[in-house]
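The values are calculated or read from the model by the stated rules, or taken from the named source; none is laboratory data. Being a predicted model, the structure only gives us computed values, none of them experimental. FYI the Cβ positions are ideal-geometry reconstructions off the backbone, even for glycines, and counts take in every protein chain you see. Calculation scope for accessible area: heavy atoms of the full protein, side chains included, ligands and nucleic acids excluded. Shrake-Rupley method; radii C 1.70, N 1.55, O 1.52, S 1.80 Å.
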Amino acid sequence: MTNPFRILFYLAALTAACFVTLISVARAEQTLPLRDGWKLQSAAKVSADGAVLSSQQASTDGWYTTSVPRTVLAALVDNGVCPDPFYGDNLTRAPGYRAGRWMVMPADSPFRKPWWYRLVFDIPADYAGRQLTLCFDGINYRANLWLNGRKVADAKDVIGMFRRFRFDVTATAKPGRKNYLAVEVIGPAQGPEKRYNTKQIEATTGWDDHCPQPPDANMGIWEKVYLKATGPVAVRNPFVLPDLEIPSLAKASLTVSAQIVNLTDQAVETELQGKIENISFAKRVSLAAKQSRWVKFEPKEYRQLNIAKPRVWWPNPMGPQELYRLDLTANVDGKTSDSAATRFGIRKITSALNQEGWRKFQVNGKDVLIRGGAWMTCDILLRFSHRRYDALIRYAKEANLNMLRSEGFSIRETDEFYDLCDRHGVMVTQQLFGRSIPDEPLAVACVKDTILRIRNHPSLVHFLGHDETYPTPSLDKAYRGLIARFIPDRSYQPHSGAFNVNERLKTGGTRTGTRELWTFANPSKYYTGKNDGAWGFAQSGGIGGIVAPYESIRRMLPEKDQWPVTNSDWSLHTVAQGIHYFDVLLQQLDARYGPSDGIRTFCKKAQTMNYECARAMFEAYGRNKYRATGITTWKYDVAWPAAMTWQYVDWYLNVGGAYYGAKKACETLHVQYSYDDGSVWVVNGRYRDFGGLRVTARLLNNDLSEKGRQTAVVRVAADGHTKAFVLNRPKGLSRLYFLKLTLEDADGKLVSDNFYWLSTMPELPGKMNERWEDFSMQPRSVPDYKALDKLPSVRLEVSKQFVREGGETVVSVTLKNPSDKLAFAVHLAVLRGKGGHEIGPTYWQDNYFSLLPGEERLVQGRFATQFLEGAEPVLTVDGWNVKP
């Protein structure tokens, strides 16, 4: 008979052994985040030096409490030193504020002095006997560091915003005891006051002209800080380079590499083990004292890295976003020393110049039309949150925008940004810098670290060198060398695009925008303007100024400053040049839609004009593919509340007419109208043929009497576009008239519809002055939509239902127009309780749509239930002429 006590003994021993094994594994993964409990103060108010401040004797009475990541100004805002800098003109009263675009801080700025960050923290006792590395993932701009009274690093070495720093503190740190860390941060923009004929002089972020610059120039600790405990060997920068068989997608070969570092003063031998799902591989490596080596596993030698039928990553909406995980472990003397993991995707994305010299992208062997936007750092105070990142990237996915161009004056985006682009299937072009900076070795060091950090992300597809300028020859050579060495499957071009399209072969196959496209581009512009229309690839074309919805205006501006728009607060919340930069847009809004009598009317008309212009721009690229190869419009998001700039998603995560116009245009099977020749097209963004598609066009007078109807049955090839017919415009059309398009499949199911407001008054360009200082446009004729102001009011029949699905609430709204009148530009929103703010983000299937008499529509929207904050959701329905 088995002794039960013996069984218990063996079970206890087995449990203990398992526990020891778990401890052994956990020890390899020991990372201590250093986030909370920091203190902050200006060096102008501190007499002690770093040795004292990093000791028990230091006093932090009167210091500000903060956490990291946090820039200095963001911490001061948290502590109430500065009132909300994003409301009204509060920013102009922040210490050190300087208007316009600047290279250096004012002489009297409080941020000219260094600022101290100090932290008292405990290191777990079981960190003793291990190699301890203090890690800073981002400091802006220079720093001196002390730990426990000893200087760890000097500002001559700790420099550059886009670098990760690792400091060996094994001999300085005190496991099992309190530790004292002091970081003296020296901000950028400290140079002499003079005229700089450039937009960038340092390896730091900049804000170009799309929003005010923060007075502290983002000085501070802006990325994570942590202490890592390892054995003698550390594993860093893991990477998987996939090679996918095209076009079959039947096989893939993976090359795995990583950097391993001997942290000790003695030679050591390690075994580096790798695992990708059920695939394992290993290699023994010898390291001299303090040696760093790159280790590579190639599929020629490790045949298990050749995969049959791989799961392939696709951008949305081409296919699913499949991801794999790589785990690497360094073992020394049979014990785990360190480990690292990363996610990657198997895909092959290439770009090359076509016969006309324009850059064209292919994904896994298939052509793809790029329609996206220029991504900007999403907060001028660098306060990043999952909610903001996820909303912005998901909004792009929901609209089928397939690329974001991370602009060169912005930060080199965080891991979370790229993780979410991987997950949502949004491709990224990463610009390396805005301009060439004098300290070229520092620029190269920043670019190298950026590449090593982001290179595993399948969403990263292309690099740009600089913005609207060429890198110096030495920088260009260095960029090309880094890409060839560390991420050879991504393409590169040196220049984001010139104003002169004839330079496209030299710049790399793209062009930039023009002053016209950045102030106001009418709906026909992208059809009729070959040099700056839907032809080739535009890195930063656009429709000009985009106005935030009224819901956002009322949150960013006091009521007294909301109207008229030509005031100093509006100027502050537009672009660096002020509201008069958009004079042409304001003139055209009045000329087309009629003068506004207040802020609500102005916002209503602006949303409508933004919708028609954005829809036309993206539709023109669809009709013209692949003579048109792509556009990343200027721009996609904003870094602070903007009343009028170029944003498709605003600061409050609300979206207006421009976003929904773009979303309508980027439907994967879409019927559309051409503003140049009156043709109607079916554009197919899917990769299969469609036959038996019925296209119907109805022309309606202003009183909704039908003036013409045309129908055609068409076939459209995979990723193709087919002309259905050219509209026959009968005599007797009213000055304002409407076009209703529908697309039905072979079974009679509606798959796309579109509604246009048009005018018998033609769009005729006239004299244009393109001088930057006094740009003006005087067309000979513009469409006349003023009769929209006379549309009779309509009350819709509305039913709604809120249902919770997981962490989201789904609102289903059925709307019917029971009248004999048009319900124009219907807008749906969900409020956080009665009278509350609109919930942003809310992902509506459609918005700013119109309903003809008797027309009924079901529209759904989604939002995170937690954003209700315990309140009941309230649906609002309004529109141009829709009664609440």
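A Cβ distance below 9 Å, combined with a sequence gap of six or more or placement on separate chains, defines the contacts here; from segment 114-128, residues that are β-branched (Val, Ile, Thr) reach residues that are loosely packed, with under 15 Cβ neighbours inside 10 Å in the pairs Val120/Gly37; Val120/Gln56; Val120/Lys178; Ile123/Gly176; Ile123/Arg177; Ile123/Lys178.
Within segment 91-110, the set of residues being touching a Ser or Thr at 6+ places or on another chain (Cβ under 9 Å) and part of a loop (DSSP other than H, G, I, E, B) comprises Pro95, Gly96, Tyr97, Arg98, Ala99, Met103, Pro110. Taking the listed residues Ser571, Ser596, the one that is assigned to a helix (DSSP H, G or I) and without any contact (Cβ under 8 Å) to a residue 24 or more places away in the chain is Ser571, with no other qualifying. Determine if segment 266-280 includes at least one residue that is over 19 Å from Ser339 (Cβ atoms) and either at pLDDT 95 or above or open to solvent by less than 10 Å² (accessible area, probe 1.4 Å) (or both). There is at least one residue in segment 266-280 that is over 19 Å from Ser339 (Cβ atoms) and either at pLDDT 95 or above or open to solvent by less than 10 Å² (accessible area, probe 1.4 Å) (or both).
Looking at Cys82, Cys135, can you tell me which residue is open to solvent by less than 30 Å² (accessible area, probe 1.4 Å), outside any strand (DSSP E or B) and not aliphatic (A, V, I, L, M)? Let's see the steps before the verdict.
Working: Cys135 fails: outside any strand (DSSP E or B).
Only one candidate passes the filter, namely Cys82.
Restricted to segment 766-884, the set of strands (runs of 3 or more DSSP E) holding at least 3 residues that are modelled with pLDDT of 95 or more and closer than 25 Å to Tyr395 by Cα comprises 797-805, 808-816, 823-832, 849-851, 856-864, 873-878. Residue-level analysis places Lys605 outside the set of residues that are open to solvent by 10 Å² or more (accessible area, probe 1.4 Å) and assigned to a helix (DSSP H, G or I). Looking at Arg150, Arg142, Arg101, just one residue is basic (Lys, Arg) and touching an Asp or Glu at 6+ places or on another chain (Cβ under 8 Å), and that residue is Arg101. Note on segment 661-702: residues that are open to solvent by less than 10 Å² (accessible area, probe 1.4 Å) and within 19 Å of Thr629 (Cα to Cα) total 10.
Close contacts from segment 154-170, counting a first residue that is acidic (Asp, Glu) and a second that is assigned to a loop (DSSP other than H, G, I, E, B) and modelled with pLDDT of 95 or more, with Cβ to Cβ under 9 Å and a gap of 6+ residues or different chains, come to Asp168/Leu263. If we scan segment 764-774, do we find a residue that is open to solvent by less than 50 Å² (accessible area, probe 1.4 Å), out of contact with any Pro (no Cβ under 8 Å at 6 or more places or on another chain) and in contact (Cβ under 8 Å) with a residue 12 or more places away in the chain? No; the residues of segment 764-774 include none that is open to solvent by less than 50 Å² (accessible area, probe 1.4 Å), out of contact with any Pro (no Cβ under 8 Å at 6 or more places or on another chain) and in contact (Cβ under 8 Å) with a residue 12 or more places away in the chain.
For segment 289-313, the set of residues classified as open to solvent by 30 Å² or more (accessible area, probe 1.4 Å) and assigned to a loop (DSSP other than H, G, I, E, B) consists of Ala289, Lys290, Gln291, Glu298, Lys300, Glu301, Lys309, Arg311, listed by residue number. Taking the criterion of being open to solvent by less than 30 Å² (accessible area, probe 1.4 Å) and in contact with a Lys or Arg (Cβ under 7 Å, 6 or more places away or on another chain), would at least one residue in segment 97-106 satisfy it? The answer is yes, given that some residue of segment 97-106 is open to solvent by less than 30 Å² (accessible area, probe 1.4 Å) and in contact with a Lys or Arg (Cβ under 7 Å, 6 or more places away or on another chain). Tallying residues that are open to solvent by 10 Å² or more (accessible area, probe 1.4 Å) and not in a helix (DSSP H, G or I) within segment 512-530 yields 5. Within segment 703-725, being open to solvent by less than 60 Å² (accessible area, probe 1.4 Å), of a type in the set (A, V, I, L, M) and more than 19 Å from Ser850 (Cα to Cα) holds for Ala712, Val714, Val716, Ala717, Ala718, Ala724.
Scanning segment 470-511 for residues that are over 23 Å from Phe344 (Cβ atoms), in contact with a Pro (Cβ under 9 Å, 6 or more places away or on another chain) and not in a helix (DSSP H, G or I) gives Tyr470, Pro471, Pro494, His495, Gly508.
Could you list, in sequence order, all residues of segment 320-343 that are open to solvent by less than 30 Å² (accessible area, probe 1.4 Å) and without any contact (Cβ under 8 Å) to a residue 12 or more places away in the chain?
Filtering segment 320-343 for residues open to solvent by less than 30 Å² (accessible area, probe 1.4 Å) gives 324, 326, 328, 330-332, 337-340, 342.
None - no residue of segment 320-343 is open to solvent by less than 30 Å² (accessible area, probe 1.4 Å) and without any contact (Cβ under 8 Å) to a residue 12 or more places away in the chain, so the list stays empty.
Of all residues in segment 438-460, count the ones that are under 9 Å from Phe162 (Cα atoms), touching a Lys or Arg at 6+ places or on another chain (Cβ under 7 Å) and hydrophobic (A, V, I, L, M, F, W, C). Qualifying residue count, segment 438-460: 2. Among the residues of segment 44-78, the ones that are open to solvent by less than 60 Å² (accessible area, probe 1.4 Å) and among the polar types (S, T, N, Q) come to 6 in all. Phe463 meets the conditions (1) in contact with a strand residue (DSSP E or B) (Cβ under 7 Å, 6 or more places away or on another chain); (2) within 25 Å of Gly622 (Cβ to Cβ) in every case but one. The failed one is (2). I need the full set of residues from segment 171-186 which are surrounded by 18 or more Cβ atoms within 10 Å (Cβ to Cβ) and either among the aliphatic types (A, V, I, L, M) or touching a Ser or Thr at 6+ places or on another chain (Cβ under 9 Å) (or both), in order please. If the condition is that a residue be surrounded by 18 or more Cβ atoms within 10 Å (Cβ to Cβ) and either among the aliphatic types (A, V, I, L, M) or touching a Ser or Thr at 6+ places or on another chain (Cβ under 9 Å) (or both), then Ala173, Asn179, Tyr180, Leu181, Ala182, Val183, Val185, Ile186 are the ones that fit.
Looking across segment 231-249, the residues that are open to solvent by less than 40 Å² (accessible area, probe 1.4 Å) and of a type in the set (Gly, Ala, Ser) come down to Gly231, Ala234.
Screening Leu743 with (1) over 27 Å from Tyr626 (Cβ atoms); (2) open to solvent by less than 30 Å² (accessible area, probe 1.4 Å); (3) in contact (Cβ under 8 Å) with a residue 40 or more places away in the chain gives one miss only, at (1). When segment 344-374 is filtered for residues that are in contact (Cβ under 8 Å) with a residue 40 or more places away in the chain and over 28 Å from the mean Cα position of the chain (by Cα), only Glu356 remains.
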